[in-house]
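The values are calculated or read from the model by the stated rules, or taken from the named source; none is laboratory data. Nothing here was measured: the structure is a model prediction, and the numbers come from that model. FYI the Cβ positions are ideal-geometry reconstructions off the backbone, even for glycines, and counts take in every protein chain you see.
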Amino acid sequence: MTIQQQRTFLSLFLVLHVWSVWSDVEVTTQDHFEVYLGDSAEMVCHYNFTEIDGEPEFLMFQWFVKEKNSGSRIRIYYAADNIVIVDPGTEYTGRIQVTFDQHKIQLTILEVELSDNREFICQVNGLSDGTMERRPHLRVFAPPEAPVITGVQTGISVTNEMPSKVATCEAHNGFPKFNITWYRNNMPLVSLAGLVNVWTSYMVESRGMYSVQSTLEYQVVKEDKNANFSCEVSFFVPGAIRTVESSSVGITIHYPPTMVELWRELPQGLVKEGDIVALRCQGDGNPMPTFIFSRKEEPNVELDSRGNVLTLQAVSRRDGGDYVCRPRDTTVPKEVKGEMQLTVHYLDPAVVVPKESEVMLKGEDLTASCNALSSEQTSVVWYKDGKMVGRGNMLHLQNATYETAGEYICKVTVPSVPALHTSGSVHIVVHSGPQLVGKTQEVHLEEALGRMVNLSCEARGHPAPSITWIFGGSQSWYEVFSKSTDHMTHSVVSVTVKSDIFAMCNTSNDLGNDVRAFSIKAIPLVTTSAPFSPAEGSGVIFVVIILCLLLLAILGSLLYFLLKKGKIPCGRSGKQDISTEKTAKDDIVVEMKENANAKSEDTVLLKAINPEKNGTNDQNVYARRPHQQCTCAA
């Protein structure tokens with residue numbers, strides 16, 4: 001019989017013996033002991049005897065472990081009568097220690113492994129005094145790794161009939177099995193048919209650890225577009241339950257629009273004809289749907305748009321009206337749409353009455369009107385020559401004069417739409433007979449004889465008047481200035497006063513004429529003597545002397561020239577006169593003298609007139625004529 005068989009037989013014998021007698025030994029211990037994987041586990045059994053005589057002479061202590069598969073017990077420790085045996089060949093050989101202290105037996109397991117998570121048996125045997133055992137359970141714990149959550153990357157439609165996969169959560173290397181709980185916005189989710197499904201699967205790793213994968217299926221709604229989902233792992237540790245939460249993830253929710261809005265994006269402010277208009281449509285669906293644009297009057301006519309924008313180029317008043325946009329998705333209810341009214345403001349060209357031009361007679365009244373059709377209230381201002389002459393649609397011209405004539409411009413604006421403006425004009429022509437400028441019908445003048453006088457005549461009228469001049473007698477006159485415009489003619493004539501003058505200025509056109517008379521009295525020119533002044537007398541004498549000297553110089557030069565040419569003969573026997581006798585006090589007499597040595601002021605004057613004739617030249621002249629000598633005397 002082998003040792004193992006002997007041990008088994010001895011054990012059975014002892015058990016039968018214990019059952020056959022009344023046991024006086026008492027053994028107590030905890031139901032279970034808890035320990036972290038890798039730590040040391042300490043399991044303690046307490047024993048006592050109820051006999052009066054006290055503790056028996058023979059005691060035997062044994063530790064067994066229950067095999068997981070077969071359920072049989074395997075001894076791992078034995079102690080009796082100073083004999084201690086750690087059973088060889090077991091998985092605890094070399095990993096256990098047993099100590100005794102005052103009716104207490106402690107089994108210590110070093111470096112606890114997952115396989116140590118089992119039932120142990122603590123047995124105390126007093127033979128005839130009885131045998132008792134207890135079966136504490138050793139629980140081994142290993143916290144799992146933090147959970148990892150992964151949300152689905154694709155969008156989830158709220159129109160799905162069944163719950164859709166939202167996220168998965170995984171946690172690894174934990175012992176014993178642990179749980180995963182799902183949360184939406186920190187609120188736990190529980191399985192609920194048709195709304196929430198949680199699928200959890202456990203896997204055993206190579207070392208005996210557990211890994212868990214959990215999948216959440218959820219019936220999403222539109223409100224989940226901003227929801228956060230997370231998972232939490234809950235697991236046991238010695239003496240407690242702990243949890244670790246994952247990060248949170250959001251999901252993309254696809255939902256049809258329940259509200260659509262249509263508004264004008266361009267331009268800012270009121271719309272006028274010629275503007276570029278952009279209408280934008282937007283809904284609350286996800287993803288953003290595409291839209292169909294139409295006009296309410298023609299709902300089946302799709303307008304050409306790009307994306308969610310309808311652009312209208314150079315709008316006119318015909319483009320005004322109600323516009324509608326609705327999702328292209330036909331599953332969306334028809335009442336989900338956006339609407340807006342587009343108003344296009346306009347201003348037609350101004351209409352002026354009377355048109356273009358109007359003829360008025362002087363003194364008449366006229367009322368002109370200026371109107372322009374517009375979508376808004378207009379403002380009208382009248383201008384003439386750049387100055388404002390009136391406000392409002394009507395312009396009243398009363399008692400027309402020449403100043404009334406001209407071009408009147410009406411400017412029409414729309415105060416609420418400053419970019420809208422137009423204008424029109426009317427040309428007013430005032431017809432009248434001519435009228436001479438000035439109130440005097442007769443003009444009386446006095447002028448000295450020989451003076452030249454300018455006579456002016458300016459007439460106004462339409463058509464432009466003509467001006468004619470009529471002079472009495474045989475006066476000589478001529479026109480020195482003439483100007484004519486549509487309403488004015490101006491003429492200026494010049495006449496020399498030789499006698500009394502009578503003249504008429506006559507202006508006329510198709511509507512009449514006007515006349516102005518001019519009377520000029522000729523006044524003789526009277527010379528009056530003034531008292532003699534020494535200063536004035538000296539000046540006059542000086543001027544007279546200068547004039548006489550100049551005259552003498554001219555005559556001397558002439559005589560000298562004639563003498564040189566031989567035109568004047570000089571006799572040898574006496575004196576010849578070359579001029580008549582002096583008949584007046586101021587007459588000049590030129591004489592010829594034979595005295596060659598005579599020197600007078602006249603000869604000096606002749607030399608002054610001919611400075612190039614020096615004394616030598618004079619001697620030469622006389623040398624050629626030795627028998628004659630000419631002297632000019634006054």
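The table that follows gives values for the structure above.
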| item | result |
| --- | --- |
| Any strands (runs of 3 or more DSSP E) falling wholly within region 148-194 and containing at least 2 residues that are farther than 12 Å from THR215 by Cα | 164-174, 179-184, 187-189 |
| Failed item, numbered, when SER230 is tested on (1) modelled with pLDDT under 95; (2) on the phi < 0 side of the Ramachandran plot | (1) |
| Residues (more than 18 Å from GLN441 (Cβ to Cβ), of a type in the set (S, T, N, Q) and surrounded by 14 or more Cβ atoms within 10 Å (Cβ to Cβ)) located in region 490-517 | SER494, THR496, ASN509 |
| Candidates PRO333, PRO327 - the one that is more than 14 Å from GLY424 (Cα to Cα) and touching a residue at least 12 places away in the same chain (Cβ under 8 Å) | PRO327 |
| Which listed residue is closer than 29 Å to ASN173 by Cβ, outside any strand (DSSP E or B) and over 60 Å from the mean Cα position of the chain (by Cα), from THR108, THR93 | THR93 |
| Strands (runs of 3 or more DSSP E) completely within region 293-332 that count 2 or more residues being within 27 Å of the chain's Cα centre (by Cα) and closer than 18 Å to ASP275 by Cβ | 309-312 |
| Residue among GLN377, GLN398 that alone is over 39 Å from the mean Cα position of the chain (by Cα), surrounded by fewer than 16 Cβ atoms within 10 Å (Cβ to Cβ) and outside the structural domain of THR496 (by TED's automatic domain parsing) | GLN398 |
| Criterion (within 30 Å of GLN377 (Cβ to Cβ) and either out of contact with any Cys (no Cβ under 8 Å at 6 or more places or on another chain) or of a type in the set (Phe, Trp, Tyr) (or both)) met by exactly one of GLY438, GLY450, GLY461, GLY406 | GLY406 |
| 1 or more residues hydrophobic (A, V, I, L, M, F, W, C) and farther than 27 Å from MET340 by Cα: qualifying strands (runs of 3 or more DSSP E) within region 195-285 | 196-204, 210-218, 228-237, 240-245 |
| Those residues of region 411-447 which are over 30 Å from ARG391 (Cβ atoms) and part of a strand (DSSP E or B), in sequence order | GLY433, PRO434, GLN435, LEU436, GLU442, VAL443, HIS444, LEU445, GLU446, GLU447 |
| Residue under evaluation MET288, criteria (1) more than 23 Å from ASP275 (Cα to Cα); (2) assigned by TED's automatic domain parsing to the domain that holds GLY274; (3) not in a loop (DSSP other than H, G, I, E, B), criterion not met | (3) |
| Exclusive hit being buried (at least 17 other Cβ atoms within 10 Å of the Cβ), in contact (Cβ under 8 Å) with a residue 40 or more places away in the chain, outside the structural domain of ILE241 (by TED's automatic domain parsing) and not hydroxyl-bearing (Ser, Thr, Tyr), set ARG95, ARG134 | ARG134 |
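Every residue, every condition in (1) under 59 Å from the mean Cα position of the chain (by Cα); (2) farther than 30 Å from HIS345 by Cβ; (3) at pLDDT 85 or above, yes or no:
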residue: LEU420; (1), (2), (3): yes, no, yes
residue: GLU446; (1), (2), (3): no, yes, yes
residue: ARG451; (1), (2), (3): no, yes, yes
residue: ALA459; (1), (2), (3): no, yes, yes
residue: HIS462; (1), (2), (3): yes, yes, no
residue: TRP477; (1), (2), (3): no, yes, yes
residue: VAL493; (1), (2), (3): no, yes, yes
residue: MET504; (1), (2), (3): no, yes, yes
residue: ASN509; (1), (2), (3): no, yes, yes
